[in-house]
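Encoded as C-alpha cells, the structure appears first; notes follow it.
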Protein chains: 2
Amino acid sequence: MHDSSDGLQVWCAGEEWCPVTSTATLICRKWHPVIIHRLLNDGPLGFSALQDQVDGVSSKVLSDSLEDLQEKKLIERSIVSEQPFRVEYSLTERGSELEPVVSAMENWGKRHLQPPEDEHSGRF
Amino acid sequence: MHDSSDGLQVWCAGEEWCPVTSTATLICRKWHPVIIHRLLNDGPLGFSALQDQVDGVSSKVLSDSLEDLQEKKLIERSIVSEQPFRVEYSLTERGSELEPVVSAMENWGKRHLQPPEDEHSGRF
DNA sequence: CGGCATCCACATGGATACTG
DNA sequence: CAGTATCCATGTGGATGCCG
C-alpha cells in the first residue's frame, strides 16, 4: 500500500480495521443520512415533523430507523411534554459531527443527480 | 414545499426530490464506500487485488457490488489483457468526485470509532 | 486470475391497520 | 401526536464450490 513501514496510519488497508467500513455500517441505511440531514438543518424535531420532512417514509420504518440511530448514539430522544405527549429527536455530539458526510453527499447529489429544473437524463 | 417564490433551492424539503436520499441510495451498501475508497487511493485495481484490500468480502458479494457500481456509472471495468486475463476497475469522473464523501466518512470513523491502539469502548 | 452458480439466512423496507 | 402490530416481499450478504 502507500505507506507501510513508518508511523503513519494504515487503516483501511488489507485486513486492518477500516474506518470507512465501520462508518458505513452505522449510517448506510436508506433513510439514515436524510434523517441526520434534517436534524442538522431543522434542529430537534418531533416524530411526525420528521416524517413529513423525510419524503415518503412510513411510520414503521422511521420508527425502526430512529431506534437504530439511538442505539448507535447518533441521536437522542427526549420527552418534551406529557399531556399533549410530545417528543423531540436531536443529534448527539457524535451525530452532529457527521455533518461533513451528509453535506458531501448533498453536494454530490446536487451536482450529479437530477437537477429539478432540467429534465435531462442525468437521473441515473 | 416551504419556500416557493424565491430562487433558493428547496431540495430535501418535504415532498421534494432529495439529493441526500438519492446519493444515499447509490452508495449506501455495505462495501460500496470502501471499494470507492480503495480505488481512490490505489488507482485502478484488479478483482483479486480489490478483494484483498476490502477486508473479508466474498467474491460473490464483491462481484455484485462492482456490477451495481458500474450500473450507477461510478466505476468502470476495462479488460487490460486477454492472455493472462486481466481486468481493472477504476473510478469514473462521477465516482471519483465522491472523494469528499468517503473522506468525511473516514475522518469521522477515525475520530469516533475504535482507535486500534486504544482498547477502550468507543467501539460502537 | 476473475469471476459465476447455488443455496441460504437474515436484514430491511413497505403497506395497512390500530392504539393511548 | 407518536408510535406499535402484523404480514409480506425483496434486498443483501455470506458460504461453498466450480469454471475458463
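Which of the residues spanning the stretch B:32-53 are more than 8 Å from every other protein chain (Cβ to nearest Cβ), in contact with a Ser or Thr (Cβ under 8 Å, 6 or more places away or on another chain) and of a type in the set (Val, Ile, Thr)?
B:Ile35
Suppose we filter the stretch A:64-87 for residues that are within 10 Å of DNA strand D (Cβ to nearest atom) and in a strand (DSSP E or B); how many remain?
Adding up the residues that qualify gives 7.
Being within 15 Å of DNA strand D (Cβ to nearest atom), facing chain A (nearest Cβ under 9 Å), basic (Lys, Arg) and closer than 18 Å to A:Gly109 by Cα narrows it down to one residue among B:Arg29, B:Arg94; which is it?
Within the list B:Arg29, B:Arg94, the selection yields B:Arg29.
Go through the stretch B:33-51 residue by residue and tally those that are assigned to a helix (DSSP H, G or I) and within 14 Å of DNA strand C (Cβ to nearest atom).
9
Restricting to the stretch B:54-74, count the residues that are among the basic types (Lys, Arg), in contact with a helix residue (DSSP H, G or I) (Cβ under 9 Å, 6 or more places away or on another chain) and more than 10 Å from chain A (Cβ to nearest Cβ).
0
Could you grab me the full set of residues in the stretch B:52-65 that are more than 8 Å from DNA strand C (Cβ to nearest atom) and farther than 18 Å from A:Glu16 by Cα?
Answer for the stretch B:52-65, where residues must be more than 8 Å from DNA strand C (Cβ to nearest atom) and farther than 18 Å from A:Glu16 by Cα: B:Val61, B:Ser65.
Do the conditions hold for B:Ser90, that is, is it assigned to a strand (DSSP E or B), touching a residue at least 12 places away in the same chain (Cβ under 8 Å), surrounded by fewer than 16 Cβ atoms within 10 Å (Cβ to Cβ) and within 11 Å of DNA strand C (Cβ to nearest atom)?
no
Consider only pairs whose beta carbons are under 7 Å apart and that are at least six residues apart or on different chains; among these, list those whose first residue lies in the stretch B:93-108 and is surrounded by fewer than 23 Cβ atoms within 10 Å (Cβ to Cβ) and whose second residue is acidic (Asp, Glu) and part of a helix (DSSP H, G or I).
Cβ pairs passing all conditions: none.
Taken together, the values in this text are just the output of simple stated rules run on the coordinates, not laboratory data. Predicted model, so just to flag it, every value in this text is computed and none were measured. Neighbour counts run over all protein chains shown; Cβ positions are idealised from the backbone, glycine included.
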